[in-house]
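Notes to accompany the following structure.
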Amino acid sequence: MTAKAKLLSDYQAPDFTIDQIELTIELDAENTKVTSTLRVQRQGKHDRPLILDGEQLQLQSLHIDGQAVPQQQYHQTDSTLTISDIGDELTVDIVVTINPAANTSLEGLYLSDGAFCTQCEAEGFRKITYYLDRPDVLARFTTKIIGDVEQFPFMLSNGNQIAKQQLADGRTAVTWQDPFPKPCYLFALVAGDFDLLEDSFTTMSGRDVCLQLFVDKGNLDRADYAMESLKNSMAWDEKVYGLEYDLDIYMVVAVDFFNMGAMENKGLNVFNSKYVLANPSSATDQDFNGIESVIGHEYFHNWTGNRVTCRDWFQLSLKEGLTVFRDQCFSEDMTGSAVNRIDDVAIIRSHQFAEDAGPMAHPIRPQSVIEMNNFYTVTVYNKGAEVIRMMHTLLGADGFRRGMDLYFERHDGQAVTCDDFVAAMEDANSFDLSHFKTWYQQAGTPEVTVTDHYDADSQTYTLEFSQQTPATADQADKKATHVPLRLGLYDSDGAALPLNTDSPLTDGNVYSLITDTDTLVFNGVASHPTPALLKGFSAPIKLSYDYSDEQLLTLSQHCDDGFTRWDAMQTLLARYIWGIADGVINEVPTQVIAGLVAISQNQHIDDALKARLLQLPTVNGLLNQREQIDIHALLDALETIRQQVAPALHQTCTSLYSELQQSQYSLDAASIAKRSLSASCLSWIAEANGQQADQLCQSLYDSSDNMTEQLNALTIANRFDLPCRSSLMDQFEQRWQDDGLVMDKWLNLQGCWNSEQCFDNLKTVEAKPFFKLTNPNRARSLIAGFAAMNYRYFHAEDGSGYQWLSQKIQNLNSINPQIAARLINPLTQWRKFTAPQSIQMKACLEQIYQLKDLSKDLHEIVGKSLEY
């Protein structure tokens, strides 16, 4: 197939707009009738035809201003309906039929376990009816849903319900009206039989908002936490940004078949059930945190995404980067823990840096797109959030709030660009961000190198900075960008030193590196200090400074910034992992091991942070530190490190593990931290003494009343292939086999089981009745568990791991191309590995590329991967 790229530079305003649409949707599993009435206006003086988007639609009738349109006046293709010879203002009536039951792509209108559901972002509305399916066309929607009320007691859409009536044929019609103009990607419809949790929220102006949360029958006991998170989100947005909810009702529906995490449709959010359903017996602490974060994210979109939306899809980070930043800040405020920031950074380093260095590298505002679904990426979302965070750092909290206020004042009800957002920040603060905008235009991870010099006579300490960004797949030449570096200096005892310099530092000791090279001099420094150069991960960069082991140990044990402490220990451990992998050294120095022991015994370190400090670098994080890697040498080096460190930590971790056991479950931050540290300790115990760990895992699983601890036991048993593994996995399956959401955890563990039996086991698991390739959650859990976490066997010497993934991708290509495109990512990194892995991975990509009916989603990713 040949797919044409769309370019940001080609953007043109629409020839026509639609300011009002009336929809009537008559529900039928295989033959849903959609009647739309569009009020259309020509924009400007031209005679171009009206071209509407539409896919997989059966056109039944077409009228303009009440008159049937003759066949010679319109033309259909697989993706458009073109109507010629029309006036400047017209009413277009269109009737189409669609087949939701056959829609396995889960875009447009589809069936999810007997319930009708929609997903319209980015370009799914065109699978419901013919329309101008672009985000800069904003219309007021009135939606009438007609169906069997006994089969579908709840028929929901955007806005407020304004009518409900029984029709002569026994069906029921429910009408919804959204008073706010919106792009069609924010349209939503859900119809089904659910359990309903209701609550209310009183806004800061005294308005009562009805909150409704719809879940599958029997799951009402798992909805309370999501509802509480929603109310917390609404209160937080009022407190921090002064933003109040604007409708009388806010609805959330949880469905099991969903490609994304959730969707912020105006007034009717549709959620993957993974991010709604939770109680202590079925969900882990990580699940609860994810629910709070995603509930917040989708609610925050009401202003940053819905009230102000994107002009075009190249501007996606305008809403997603900003809203990820907002949900990160919300989560930080809810937990008050440094580990939130560490976890955010881990995503950037493990996944976004890889994207920047790979075939799909793109700026947070891409320049070229073939399939828009492929650009819902960690770059657009998470690096986009880091770019927003840098603006917050440079302007300060008050300055950033001023910019946000001006942004809404200027652009409420509009579809705008990233440039409009930056302009609001500039104008509200009289701050020039023109150079900073390089972050929006340039792909790649900037690399900042720092050298230093201490002059004892003058007691000055000099830092010399240089920056460069390597060429990426989409751009060869790079410019210096604006890098805010939050700095600190520490003496040999770890005490913080004052930063006395003639150079400008903003609040929080932030220094701006703007040019290719620069120098910063500190005065009154009594001895050679240890610098902290990227506190709080103040910029999404790779930083290089020749730290000694002693300096890294000082930072890891004494720095006042949690991220820097974690980063120092990660850097130190990675140094020796690579040394062993390269064959340069055979063992870790005793002082490094002693540093880990000291951390484990330090009672002044928060339990959550201590848990992170005791964890080795992840494989994904390490993969982004080298260009070509012998994966099995790296895995062997990690195993060697574990074996050398574990005996020293064994006694302390055993004592800690015993002390951390809790008699009563609680979801407060302190209890969550204890469970996290307990899991880290149990992992080190398993490395040191498998027999002891086997007993502890069995006991923990049997005695726990919560999923977090049971899954911790199961995860350790699975990772170390302990004797109790098989029986615990069987017990878990028997207990939860009818609960798909919980079984996703079991599927994920089966995928990452590091055993010679893993391929036979995968076949057995795939045959289980609860595993459905058509369900995105099931597919992701097993396939990503293997391809993204089972490094030893995914990278098997004979290439069998790659072939297994390739076959799953080929199957998904015809079922759900969007999910196939997301799961193929491990193969696209083929150039990162040495032979034979690189050769085998490339061969699998070539095999997929030859598929007769290769989707646009896969064609773009595989094609770029092979060309790179």
(message) What's the number of the only condition in (1) buried (at least 16 other Cβ atoms within 10 Å of the Cβ); (2) among the acidic types (Asp, Glu); (3) in a loop (DSSP other than H, G, I, E, B) that Glu860 fails to meet?
(response) (3)
(request) Scan region 306-318 residue by residue and report those that are within 19 Å of Arg410 (Cβ to Cβ) and either surrounded by fewer than 24 Cβ atoms within 10 Å (Cβ to Cβ) or modelled with pLDDT under 95 (or both). (result) Asn306, Arg307, Val308, Cys310, Arg311, Asp312
(request) Within region 590-617, count every residue that is in contact (Cβ under 8 Å) with a residue 60 or more places away in the chain and in a loop (DSSP other than H, G, I, E, B). (result) 3
(message) Let me spell it out: the conditions are (1) in a strand (DSSP E or B); (2) touching a residue at least 60 places away in the same chain (Cβ under 8 Å); (3) of a type in the set (Ser, Thr, Tyr), and Thr82 meets all of them except one. Which number is the exception?
(response) (2)
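Results for (1) touching a helix residue (DSSP H, G or I) at 6+ places or on another chain (Cβ under 9 Å); (2) more than 30 Å from Trp746 (Cβ to Cβ); (3) assigned to a loop (DSSP other than H, G, I, E, B), shown as yes or no for each residue.
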site: Ser233; (1), (2), (3): yes, yes, no
site: Asp246; (1), (2), (3): no, yes, yes
site: Phe258; (1), (2), (3): yes, no, yes
site: Gly290; (1), (2), (3): yes, no, no
site: Ser293; (1), (2), (3): yes, no, no
site: Glu298; (1), (2), (3): yes, no, no
site: Ser317; (1), (2), (3): yes, yes, no
site: Gln328; (1), (2), (3): yes, no, no
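Conditions (1) closer than 14 Å to Gly536 by Cβ; (2) among the acidic types (Asp, Glu); (3) within 16 Å of the chain's Cα centre (by Cα), marked per residue:
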{"residue": "Asn340", "(1), (2), (3)": "yes, no, yes"}
{"residue": "Gln352", "(1), (2), (3)": "no, no, yes"}
{"residue": "Gly358", "(1), (2), (3)": "no, no, no"}
{"residue": "Arg365", "(1), (2), (3)": "no, no, no"}
{"residue": "Asn374", "(1), (2), (3)": "no, no, yes"}
{"residue": "Val378", "(1), (2), (3)": "no, no, yes"}
{"residue": "His392", "(1), (2), (3)": "yes, no, no"}
{"residue": "Arg401", "(1), (2), (3)": "no, no, no"}
(request) Go through the residues of region 211-222 one by one and say whether even a single one is buried (at least 17 other Cβ atoms within 10 Å of the Cβ) and closer than 15 Å to Asn302 by Cβ. (result) yes
(message) Here is a check on your reading of the model: is Arg401 basic (Lys, Arg), in contact with a Gly (Cβ under 9 Å, 6 or more places away or on another chain) and not assigned by TED's automatic domain parsing to the domain that holds Lys239?
(response) yes
(request) Say whether the condition of being outside any loop (DSSP other than H, G, I, E, B), without any contact (Cβ under 8 Å) to a residue 40 or more places away in the chain and not assigned by TED's automatic domain parsing to the domain that holds Ala361 is met by at least one residue in region 419-428. (result) no
(message) Among the numbered criteria (1) over 28 Å from the mean Cα position of the chain (by Cα); (2) outside any strand (DSSP E or B), which one does Thr104 miss?
(response) (1)
(request) Determine, yes or no, whether Thr554 is more than 23 Å from Leu634 (Cα to Cα), part of a helix (DSSP H, G or I) and touching a Lys or Arg at 6+ places or on another chain (Cβ under 6 Å). (result) no
(message) Quick check on my filter: what residues within region 493-514 are without any contact (Cβ under 8 Å) to a residue 40 or more places away in the chain and either more than 17 Å from Asp561 (Cβ to Cβ) or of a type in the set (A, V, I, L, M) (or both)?
(response) Leu497, Leu499, Asn500, Thr501, Asp502, Ser503, Pro504, Leu505
(message) Condition (residue is free of Cβ contacts under 8 Å to residues at least 40 places away in the same chain, part of a loop (DSSP other than H, G, I, E, B), farther than 16 Å from Leu656 by Cα and among the polar types (S, T, N, Q)) applied to region 681-691: is it met by at least one residue?
(response) no
(message) I'd like the residue in region 148-204 that is outside the structural domain of Tyr131 (by TED's automatic domain parsing) and surrounded by fewer than 13 Cβ atoms within 10 Å (Cβ to Cβ) and, out of all such residues, is nearest to Ile25 (Cα to Cα).
(response) Glu198
(request) Scan region 456-499 for residues that are closer than 22 Å to Val387 by Cα, surrounded by fewer than 16 Cβ atoms within 10 Å (Cβ to Cβ) and aliphatic (A, V, I, L, M) and report the count. (result) 2
(request) Check Phe180, Phe152, Phe141 and return the single one that is part of a loop (DSSP other than H, G, I, E, B), farther than 24 Å from Asn272 by Cα and in contact with a Gly (Cβ under 9 Å, 6 or more places away or on another chain). (result) Phe180
(message) Between a residue in region 138-149 that is over 25 Å from Phe16 (Cα atoms) and any residue that is at pLDDT 95 or above and of a type in the set (A, V, I, L, M), which pairs come within a Cβ distance under 6 Å, given they are 6 or more apart or on different chains?
(response) Ile145/Ile25; Ile145/Met155; Ile145/Val174; Ile146/Ala173; Gly147/Leu27; Gly147/Met155; Gly147/Ala191
(request) Just give me the residues in region 408-418 being over 12 Å from Tyr241 (Cα atoms) and part of a helix (DSSP H, G or I), in sequence order. (result) Glu409, Arg410, His411, Cys418
(message) Which of the helices (runs of 4 or more DSSP H) found entirely inside region 729-788 contain at least 2 residues meeting this: out of contact with any Asp or Glu (no Cβ under 6 Å at 6 or more places or on another chain) and over 23 Å from Gly801 (Cβ atoms)?
(response) 740-751
(request) Take Gly396 and decide whether it is touching a strand residue (DSSP E or B) at 6+ places or on another chain (Cβ under 9 Å), within 22 Å of Phe300 (Cα to Cα), assigned to a loop (DSSP other than H, G, I, E, B) and touching a residue at least 60 places away in the same chain (Cβ under 8 Å). (result) no
(message) Can you go through Ala594, Ala532, Ala598 and tell me which one is assigned by TED's automatic domain parsing to the domain that holds His482 and over 28 Å from the mean Cα position of the chain (by Cα)?
(response) Ala532
(request) Given the conditions (1) out of contact with any Pro (no Cβ under 8 Å at 6 or more places or on another chain); (2) closer than 27 Å to Asp560 by Cα, report the number of the one that Ala637 does not fulfil. (result) (2)
(message) For region 813-857, give me each residue that is acidic (Asp, Glu) and either buried (at least 23 other Cβ atoms within 10 Å of the Cβ) or not in a helix (DSSP H, G or I) (or both).
(response) Asp853, Asp857
(message) If I go through region 23-50 residue by residue, how many of them are assigned to a strand (DSSP E or B) and either buried (at least 19 other Cβ atoms within 10 Å of the Cβ) or outside the structural domain of Ala115 (by TED's automatic domain parsing) (or both)?
(response) 8
(request) Determine whether Asp208 is under 28 Å from Thr24 (Cβ atoms) and at pLDDT 95 or above. (result) no
(request) Might you let me know whether region 373-384 holds any residue that is in a helix (DSSP H, G or I), more than 30 Å from Ala669 (Cα to Cα) and aromatic (Phe, Trp, Tyr)? (result) yes
(message) small (Gly, Ala, Ser) and closer than 19 Å to Tyr545 by Cβ: which single residue out of Gly579, Gly583 fits that description?
(response) Gly579
(message) Return the residues of region 139-165 that are in contact with a helix residue (DSSP H, G or I) (Cβ under 9 Å, 6 or more places away or on another chain) and over 20 Å from Val253 (Cα atoms); say none if nothing qualifies.
(response) Ala139
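The values are calculated or read from the model by the stated rules, or taken from the named source; none is laboratory data. Predicted model only: the values in this text are computed from it and were never measured. Methodologically, a virtual Cβ is constructed for each residue, glycine included, from the backbone with ideal geometry; neighbour enumeration extends over all protein chains shown.
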